[in-house]
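Report on the following structure.
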Amino acid sequence: TSYESREYFDVYSPPIKTRYSEVYWRMQEAVPLPKDIQQRFADKIMAVTGYEVDQVRLTPEGTEVPVPITWAYNHHYGGYLSNSKKTEFVKRPAGPDRMFMNHNSKEYWTARLIQDDDDDSEIPLHIFFSEGNGGEFRLSYHGYPRAYAQLIESPDTFFCNPMQIDTWNRDEPSSKYAPGPLPKSSRIPHSAGYSGLIECPCTDRLEIMYNMTYALANGEHVCTGEIQNATECFFAVAQVVPGKTQYSRTISETSKPHGCSAKQYSDGSVEAIWNTASNLRAAAHTLSDDHATQLIAFSHAQVNVTVELDSEQVTIQIIGPPDKWFGVAFGSSTMCVHLVSDECPDGGPYAAVVSGDDFQVTERKLGFHGPGSVIENSVHVVSNSVQDGNRTVVVTRPLQGASRDHYTFDLTDTTLPIITARGCSPEFAQHCGHGPSELNFLAVGTPKRLCQAGISGTIGGDKFLTDRCAPSPFSDLQTQHNPTCAIQTYRGGLSCCRDGKPLLDQDQEVPWADQYLEYRLKFRFYFEEYKKEVKGVQPASHYSLIRLYWQTEAHAGEYDIDQCSEVTPRSQCIQVITSRWAVRDMMKDCSLRPDAAWCTGKGSTDGKKTEGVKLIYAAPHCHAPSCLSMELYNADTGQLLCRVEPVFGQGQGDNEYDEQGFLAIPPCLWADKEEGLSPPQLLTLNTTLLSIKRNNSTLPHTGEMASWQMRGILVPKNAERTFMPSSETLTETDEATAVGTILRGQLRRDTGN
């Protein structure tokens, strides 16, 4: 598709200013779109048919010039067009599914409606651009065939979230690569022709800490090993089953569980027991407390909480400060009981709060990051006293909640997530400290076995996800023991790149410290006006493209390339990873209206409403310079859908778009035959897809990626009408193989436009 005759507008990110080795990774401030664009689409729908991206700076003479990728490496970017009159762009804590989609970041940005929208259409108010985002971003083609577009109603604002790494040796003024200092952990030689900083090597500025974790051997936790000795046992019990008082002893009794166990008593004390005698029958007997009639658990966090369950009631003891409010929420470790996409339809958890001048106990249904409301009282206050500088409150209530807003306790629960908090004054208001915790219930007086539950840790204070690598067939990383899966073998990648921090060790001074590089990302959006369908008169002018995303390295978001052995012929130094998944796994059943970056449409996972999808655009995201190829197959039929090989720069002359080793990625496109492309094929929700990624492993690499960034259209179940000016209907299946078309975007150099 040629865009020479299409309209476009340019928009620039806020300035990016860095020193050598510094990482820039943040959501930037909002940028208004050009006024003529805002006015023209005030009550219209824009169809974005393509876009291009570059990084540019202004010379002292005011001329706009491109910034070489050897100076500033774009690790990835996220670009957004938004309707700020109907949505607001907010940051929220990320759950496991969001962390997978967002490079394992603990937080994510999303658009939400400012007020209820009575428009039940699926025309988005906020759209996302991330195709070919990385070292390949400048020359990779980001366009869609005729009559396909990302739709947005009345866009007026642009947001950009770039991740940039400053690799510029200030002594080299041209685009040719000149090496600069690297941290000790970088294994990329200066002779490689590119900077090892682009792979985010871990430096000693970020402390890596890890240790063994432990769990009750109750079937809910996967035991990774047995506790080895008494010292480890007593430590494990203190971590998993904290008590008001801890006791420990070593025994040799065949009638008791072998190894490490914990016994909890009704007064809240816990006994850690290390048994050197072997009795498998006794050990197995304690794995289930299904018939227990009295359970007890204790948590030490912002406040101390003891919960005792019997067949009729629950007794809750909370110990907090004597002169400030405090409380505990039950059944959730977050302020949302059940997060659905970006919404929290069920609100926050049930809580018991001690507050007010007389420190009475009230029950609340908390809001999503809000105080919520007081609900019907169901507790009986047994005592409320101050002693030794602490207030101790004991209440009882029935196991069954008095309403759907009250939490219902269950004797079969073995663990219960809670949130504890304390305030700054007697009145219930913003907390001065809060955090999640967990209650581990044990039958009173009955020993319970403990086991090792795997290694956990932090990098620079941030928790490292231990389950980041999905099992086969979603990913090969676990079976290949890829170093990125475990903190004790993690060498580099996103977890070691931090906004505003240099990628050098503490004993390395940042060179050229007073020479900042300042530039912006430049986006050029090609667009058309969208015309709605008029039944019986004209079809809609464009198909609405949805985002379809998958990581071959599911769900780590990155992986390592292990260096091949010295005796391996260079031509055979190829590392391969694969992934198998269903089309349904890429779908998120929620409305496109508030945020099309995440959702794929209402009913998009419902087989009664949706037949499947048709791919229109597909391109991999992989990093220079080790990326060799990526292939996408219909695994059910064995048909190759898309194969992509990157186009590498040759470093000929001082050309900012041809740097040695850096790449462009041509996408695969499908459309009507009139476009000279193969027609798109129907992929049902249950279709299994296969991705194969190949990398050059002559050198080791960290932080490599292998994601598919795709756009497609939803195919409704039993669709009968033609939506577009085409002879095809949405349910037509095509036999032709979709072959990738190699196209390279050419960002205009006429920067005066």
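The values are calculated or read from the model by the stated rules, or taken from the named source; none is laboratory data. Computed from a prediction, not measured in an experiment: that's the story for all the values here. In this analysis, Cβ positions are derived from the backbone assuming ideal geometry, glycine residues included, and neighbour counts consider all displayed protein chains. Surface areas here come from the heavy atoms of the whole protein model, side chains and all, with no ligands, DNA or RNA. Shrake-Rupley method; radii C 1.70, N 1.55, O 1.52, S 1.80 Å.
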Discussion item. Given points 7 Å out from each Cα along the Cα-Cβ axis, report the TYR247 to GLN115 separation in nanometres with one decimal.
Written reply: 6.5
Worksheet item: Once a ≥ b ≥ c are taken as the square roots of the eigenvalues of the Cα gyration tensor of the range 459-545, is the result rounded (a/c under 1.5), prolate (a/b larger than b/c) or oblate (a/b not larger than b/c)?
Response: oblate
Worksheet item: Relative to the present Cα-Cα distance, how much length would full extension add between LEU628 and THR415 at 0.36 nm per residue of separation?
Response: 72.0 nm
Fill in: DSSP bridge orientation in the chain - percent antiparallel, rounded to nearest 5
95
Discussion item. Suppose a student asked you for the relative contact order of the range 401-544, using Cα pairs under 8 Å spaced at least 6 residues apart; what percent would you report?
Written reply: 10
Worksheet item: For the range 437-515, what is the accessible area per residue in Å² when the probe is 1.4 Å?
Response: 42
Worksheet item: Relative contact order, percent, of the range 370-438 when contacts are C-alpha pairs under 8 Å separated by at least 6 residues?
Response: 20
Discussion item. For the range 565-684, what does the accessible surface come to per residue with a 1.4 Å probe? Please give it in Å².
Written reply: 38
Fill in: Cα gyration tensor category, rounded, prolate or oblate, for the range 113-167 with a/c compared to 1.5
oblate
Discussion item. Quick check on the range 310-352: take the gyration tensor over C-alpha atoms, sort the square-rooted eigenvalues as a ≥ b ≥ c, and tell me if it's rounded (a/c under 1.5), prolate or oblate.
Written reply: oblate
Worksheet entry | Helical mean residue ellipticity (222 nm; -39500 (n - 2.57) per DSSP H run of 4+; nearest 500) of the chain | -1000 deg cm²/dmol
Response to the item:
Rounded to whole Å², per residue accessible area for the range 228-273 with a 1.4 Å probe reads 47
Worksheet item: Between ASP606 and ASP36, what length comes free when the chain is fully extended (0.36 nm per residue of separation minus the Cα-Cα distance, one decimal in nm)?
Response: 201.1 nm
Response to the item:
When the charge dipole of the chain is computed with +1 at the Cβ of Lys and Arg and -1 at the Cβ of Asp and Glu, the Cα pointing farthest to the positive end, of GLN39, SER13, PHE129, is that of PHE129
Worksheet item: Under a plain spin-label model, where a point goes 7 Å from the Cα along Cα-to-Cβ, how far apart in nm are SER333 and THR698?
Response: 4.5
Discussion item. Only sites in a loop by DSSP and with at most 15 other Cβ atoms within 10 Å count here; which trypsin sites (Lys or Arg not before Pro) in the range 333-415 make the cut?
Written reply: ARG404
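Where does the charge balance sit around LEU439 when Lys and Arg score +1, Asp and Glu -1, over other residues with C-beta under 11 Å from its C-beta?
-3
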Worksheet item: Which angle between 0 and 90 degrees, to the nearest 10, do you get for helix 230-240 versus the longest principal axis of the chain when only C-alpha atoms count?
Response: 70
Worksheet item: Cα centroid distance between the range 393-459 and the range 503-549, in Å?
Response: 43
Fill in: Carbon/sulfur fraction of accessible area - the chain, other protein chains in place, 1.4 Å, %
49
Worksheet item: Which order, highest average first, do 571-580, 242-251, 347-356 follow once you tally other Cβ atoms within 10 Å for each residue and take the mean per peptide?
Response: 347-356, 571-580, 242-251
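Sorted by packing (mean other beta-carbon atoms within 10 Å per residue), highest first, where do 509-520, 132-143 land?
132-143, 509-520
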Practice prompt. Pop the C-beta distance of SER378 and VAL90 into the FRET formula with R0 = 30 Å and round what comes out to the nearest 0.05.
Written response: 0.30
Fill in: Per-peptide average of other Cβ atoms within 10 Å, ordering 453-465, 596-608, 25-37 highest first
596-608, 453-465, 25-37
Item to complete: At most 15 other Cβ atoms within 10 Å and a DSSP loop assignment: could you name the GluC sites (Glu not before Pro) in the range 526-580 that fit?
Response: GLU533, GLU566
Fill in: Size of charge dipole - the range 543-662 - debye, nearest 20, with Cβ of Lys, Arg +1 and Asp, Glu -1, no other charges
900
Worksheet item: Assigning unit charges at the beta carbon (Lys, Arg +1; Asp, Glu -1) and nothing else, what dipole magnitude in debye, to the nearest 20, does the chain show about its Cα centre?
Response: 360
Worksheet, complete the sentence: Taking every alpha carbon pair in the chain and sorting the distances into 10 angstrom bins from 0 up to the bin holding the longest one, the percent per bin comes out as 3, 12, 20, 22, 19, 14, 8, 2, 0
Worksheet, complete the sentence: Taking the chain and a Cβ-Cβ threshold of 4.7 Å, the cysteines left without a partner are CYS160
Item to complete: Using only alpha carbon pairs under 8 Å that are at least six residues apart, calculate the relative contact order of the chain and give it in whole percent.
Response: 19
